[in-house]
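Here's the structure we're looking at; comments come further down.
The values are calculated or read from the model by the stated rules, or taken from the named source; none is laboratory data. Bear in mind the structure is a predicted one, so any value in this text is a computation, not a measurement. Neighbour counts run over all protein chains shown; Cβ positions are idealised from the backbone, glycine included. Ligands, DNA and RNA are stripped out before the accessible areas are found, and what is left, the full protein with its side chains, is counted by its heavy atoms. Shrake-Rupley method; radii C 1.70, N 1.55, O 1.52, S 1.80 Å.
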Amino acid sequence: MSMKEKLESLGKNSIQLKIARKETYKLGATRFGGKPDVPPDFIWPTYEGESYDHVVKDRPLTFLAQLNCAELAQFDAEHLLPDHGLLSFFYETDTQCWGYDPEDKGCARVYWFEDSSALSAASFPADMEEDFKFPMVKIKLDSKPSYPSWQDFSEVFPDEKDDDAFNNAWDELTVKAPEDPEDRSQLLGWPDVIENSMFSECDLVTQGYYLGNGWIKIPKEVSQRAKESALDRWMLLLQLDTVECGDFELMFGDCGHIYFYITKEDLAARRFDRVWLILQCC
């Protein structure tokens, strides 16, 4: 197979999230920020971590976005997501955990509220600082072919060394239309990798291995098993790029992305409580 054929064989559908203008409230609508729509028994999630000013305390997670599953369905070509209810994403944006430490568990949460009729707008926690109450921004949806970055492609085809040929093929397959947004926020598909492939990382850190000092303390057979199988078992659920709207800007690290990963098995079983978050930046 040629390089282009190899890339094409790995193509997946993704749902592009186009961050648009400021939004007005509508119950159960797809949007970034504002107050989340939640069921009556909802308990706002918290995470105890150390912020950049070295303060350790229990903080309420920031509400990032909610996605109406019925609206997503027409763009979900592979029918991977629920076709009803609401998916809601939270992340502790003060500590901004990177996801290489098992202790980061709980810094990000995803909820699937199956019964939309039981939802209403939540009140922000009393101890939530204003900086972490984000403005309501409209999200436009579109489907888009998705192909792996070089880092993930190399995991599938480890014998391929010609990254120039890869870049040419990738550029040919991902020609941008003039109206395409610069941000790379999406559901499903292949991640836009900034540093390194994340599938094995998710697999290892969720087994309890600390990856902040590389993989030096991980048994060879464990790391080998992750490299051989993680790509088949894990997938991207959500990738969120920098969000800008008017005077508001949310950036992860230095022009980075956050990635919510989930195993294919957990997604099929709707176990969204088992997601793992990774942050990468330049």
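Things worth noting here:
- Over the stretch 27-84, the Kirkwood radius and the radius of gyration, each from Cα atoms, give a ratio Rg/Rh of 1.12.
- Protection proxy ranking of 262-272, 226-236, 155-165 - average other beta-carbon atoms within 10 Å, highest first: 226-236, 262-272, 155-165
- Cα centroid of the stretch 240-270 to Cα centroid of the stretch 77-141, whole Å: 10 Å
- For the chain, CYS69, CYS202, CYS245, CYS255, CYS281, CYS282 stand unpaired, since no other cysteine beta carbon lies under 4.7 Å from theirs.
- Vicinal HN-Hα couplings computed from phi for the stretch 108-113 (Karplus, 6.51 cos²θ - 1.76 cosθ + 1.60; Hz; Gly/Pro x): 9, 9, 10, 10, 10, 8
- Against the chain, whose longest principal axis comes from its Cα atoms, helix 163-173 is set at around 60 degrees.
- Amide H contacts of GLY49 (H built 1.01 Å from N, in plane; Pro and chain starts excluded): LYS57, ARG59 sit under 5 Å, all sequence-distant by 5 or more or on other chains.
- Ellipticity estimate at 222 nm from DSSP helix runs (n ≥ 4, -39,500 (n - 2.57)) divided over the chain, nearest 500: -5000 deg cm²/dmol
- Between helix 220-233 and the chain: long-axis angle, C-alpha atoms, 0 to 90°, nearest 10: 70 degrees
- Given +1 at the Cβ of Lys and Arg, -1 at the Cβ of Asp and Glu and no other charges, the dipole of the chain around its Cα centre is 660 debye to the nearest 20.
- Taking label points 7 Å from Cα along the Cα-to-Cβ direction, ILE216 and ASP101 give a separation of 1.8 nm.
- What the stretch 216-270 shows is 50 Å² of accessible area per residue, with the surface traced by a 1.4 Å probe over protein heavy atoms.
- For the stretch 70-150, with +1 on Lys and Arg beta carbons and -1 on Asp and Glu, the positive-most of TRP98, ALA108, SER149 along the dipole: SER149
- Measuring nothing but how far apart in sequence close Cα pairs (under 8 Å, 6+ apart) lie, relative to its length, the chain scores a relative contact order of 24 percent.
- Charge context of ASP273, other residues only, Cβ under 9 angstrom, K/R +1, D/E -1: +2
- Size descriptor for the chain, Kirkwood hydrodynamic radius: 19.7 Å (Cα pairs only, one decimal).
- Spherically averaged projected area in nm², based on the convex hull that wraps the Cα atoms of the stretch 114-192: 9.5 nm²
- Put a dot 7 Å past the Cα of ALA165, heading toward its Cβ, do the same for ASP183, and the two dots end up 3.8 nm apart.
- The residue list MET1, MET251, PRO45 was ranked by how far each Cα lies along the charge dipole of the chain toward its positive end, using unit charges on Cβ atoms, and PRO45 comes out on top.
- On the basis of the beta-carbon distance and an R0 of 30 Å, ASP232 and LYS26 show a calculated FRET efficiency of 0.15.
- The stretch 1-112 - percent of accessible surface contributed by carbon and sulfur, probe 1.4 Å: 51 percent
- The calculated pair-distance distribution of the stretch 122-247 uses every alpha carbon pair, bins of 10 angstrom beginning at 0, and gives 9, 31, 29, 22, 8, 1 percent.
- Projected onto its three principal axes, the C-alpha set of the stretch 1-153 covers 57, 39, 28 Å, listed from the longest axis down.
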